[in-house]
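The values are calculated or read from the model by the stated rules, or taken from the named source; none is laboratory data. Note that the coordinates shown come from a computational prediction; the quantities given were computed from them, not determined experimentally. Don't worry about glycine lacking a Cβ; one is built from the backbone with ideal geometry, like all the others, and counts go over all protein chains shown. SASA here: full protein model, heavy atoms, side chains in, ligands and nucleic acids out. Shrake-Rupley method; radii C 1.70, N 1.55, O 1.52, S 1.80 Å.
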Amino acid sequence: MNIYLKAEKIIQNRHDLAEQNAYATLQKTLKNPQFKQVYEAEQTCKIDLAKKEYFGLDVKADKKKLKEIQDIKEGFLHSLGMSSQSLQPQYTCPICHDTGKTDNGRCQCFQKIVSQLLLEESGIRNRTLPSFETTTLNCFEEPYRENIKYLYQTAQQFIDQIYTTKKQFFVICGLTGTGKTYLAECMVQKAIAQYVPTYYVSSFTFNQEMLQYHCAPLEEKQDIMDKYLNPELLVIDDLGTESILKNVTLEYLYQVLNDRFTSQKKTIITTNLFPDDILERYEERIFSRLTNQKDAIFVEMQANNLRHKK
């Protein structure tokens, strides 16, 4: 099932459960004859008030009467250890009331669910990701520390401005063991914390899924491609370590990068390859997408090999 359809189903289930629980609580409370009498009087008063307001009649006395009834109801509920709020649906999200929508579009709660589903599918959990806040740069040797500090600041700024920056790509290159993936994971953690729908995938998995897409029946293709095109942020880790599959790797990598560029969605890539290597391996179209200074931030992790550090 499409990730976004799954998220909508989760939101709908939350909404339905809150409504059902509220209804069950009300029905249980209505078994008390005294409460039932007050509750029905309140409903009758509300209907009469609405009718008079519709016809433009004076409702001052009706509002006073309704307030008196509601005070009695509240006092009765208080004696039961409840309140009027106890009879209302307890939605998970107080902003959208578990609809997943606001006047400005998708609610943050919906975006968070999408991100969680995407990360689960990619094998990553939000709780396992490192963060900028808890990361120390002391593991980097002194000659490299200023460069790394600048890269971390640039990376944080890219995520903070993800919906406004004109830069579509953030490419982190460098030798093995210099912390490229760790930096990318910090960016992912920050994006998730800001409710940015994010999909994280290794270049090997990307390549295999593009092969699957290439061979899949037409009705199955959309679900495969949607998780690469729909998220606001896509992260491809370790580009350059995958095999080059004929009619698959270059063609679909360019399609994904170009479609995301067109829709102004952001992409982070980590790679052991340097610009000349990218040009040789992936040819001009992909090279220009990833290295064009107008559209991309291309940084090099100049650091000691952290995997050899004891």
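When the range 4-58 is filtered for residues that are in contact with an Asp or Glu (Cβ under 7 Å, 6 or more places away or on another chain) and either without any contact (Cβ under 8 Å) to a residue 12 or more places away in the chain or closer than 30 Å to residue 231 by Cα (or both), the ones remaining, listed by number, are 11, 14, 15, 18, 52. Looking only at residues in the range 251-280 that are touching a Lys or Arg at 6+ places or on another chain (Cβ under 8 Å) and without any contact (Cβ under 8 Å) to a residue 40 or more places away in the chain, the one that is surrounded by the most Cβ atoms within 10 Å (Cβ to Cβ) is 254.
Rundown of residues vs (1) under 20 Å from residue 296 (Cβ atoms); (2) free of Cβ contacts under 8 Å to residues at least 40 places away in the same chain; (3) touching an Asp or Glu at 6+ places or on another chain (Cβ under 7 Å), yes/no style:
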site	(1), (2), (3)
134	no, yes, no
152	yes, yes, no
158	yes, no, no
161	yes, yes, no
215	no, yes, no
218	no, yes, no
222	no, no, no
235	yes, no, no
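Return yes when residue 101 is more than 23 Å from residue 260 (Cβ to Cβ), of a type in the set (D, E, K, R) and modelled with pLDDT of 90 or more and no when it is not.
Values: more than 23 Å from residue 260 (Cβ to Cβ): yes; of a type in the set (D, E, K, R): yes; modelled with pLDDT of 90 or more: yes.
In short, yes.
Does the range 32-71 hold any residues that are open to solvent by less than 100 Å² (accessible area, probe 1.4 Å) and hydroxyl-bearing (Ser, Thr, Tyr), and which are they? 39, 44, listed by residue number. Checked against (1) within 19 Å of the chain's Cα centre (by Cα); (2) farther than 21 Å from residue 116 by Cβ; (3) among the small types (Gly, Ala, Ser), residue 203 meets all criteria but (1).
Selection over the range 282-306 of residues that are touching a strand residue (DSSP E or B) at 6+ places or on another chain (Cβ under 9 Å) and either of a type outside the set (Ser, Thr, Tyr) or in a strand (DSSP E or B) (or both) gives a count of 12. Which of the residues that make up the range 182-197 are in contact with a strand residue (DSSP E or B) (Cβ under 7 Å, 6 or more places away or on another chain) and in a helix (DSSP H, G or I)? Within the range 182-197, 183, 184, 187, 188, 191, 192 qualify.
Looking only at residues in the range 11-31 that are closer than 14 Å to residue 96 by Cα and hydrophobic (A, V, I, L, M, F, W, C), which one is surrounded by the most Cβ atoms within 10 Å (Cβ to Cβ)? Looking at residues that are closer than 14 Å to residue 96 by Cα and hydrophobic (A, V, I, L, M, F, W, C), I get 11. Looking at this structure, is residue 248 in contact with a strand residue (DSSP E or B) (Cβ under 8 Å, 6 or more places away or on another chain), surrounded by 14 or more Cβ atoms within 10 Å (Cβ to Cβ), in contact (Cβ under 8 Å) with a residue 12 or more places away in the chain and among the β-branched types (Val, Ile, Thr)? Against the criterion (in contact with a strand residue (DSSP E or B) (Cβ under 8 Å, 6 or more places away or on another chain), surrounded by 14 or more Cβ atoms within 10 Å (Cβ to Cβ), in contact (Cβ under 8 Å) with a residue 12 or more places away in the chain and among the β-branched types (Val, Ile, Thr)), residue 248 does not qualify.
Just checking, how many residues over the range 281-300 are farther than 16 Å from residue 249 by Cα and open to solvent by less than 40 Å² (accessible area, probe 1.4 Å)?
Counting residues in the range 281-300 that are farther than 16 Å from residue 249 by Cα and open to solvent by less than 40 Å² (accessible area, probe 1.4 Å) gives 5.
Being under 23 Å from residue 169 (Cα atoms), charged (D, E, K, R) and touching a residue at least 60 places away in the same chain (Cβ under 8 Å) is true of residue 121. Scanning the range 72-105 for residues being outside any loop (DSSP other than H, G, I, E, B), among the β-branched types (Val, Ile, Thr) and open to solvent by 90 Å² or more (accessible area, probe 1.4 Å) gives a total of 1. Scanning the range 215-225 for residues being touching a helix residue (DSSP H, G or I) at 6+ places or on another chain (Cβ under 7 Å) and either surrounded by 16 or more Cβ atoms within 10 Å (Cβ to Cβ) or part of a helix (DSSP H, G or I) (or both) gives a total of 3. The set of residues in the range 169-203 being open to solvent by 10 Å² or more (accessible area, probe 1.4 Å) and among the polar types (S, T, N, Q) consists of 176, 181, 189, 194, 202. Which ones in the range 125-167 are among the β-branched types (Val, Ile, Thr), open to solvent by less than 20 Å² (accessible area, probe 1.4 Å) and part of a loop (DSSP other than H, G, I, E, B)? Selection gives 162 alone.
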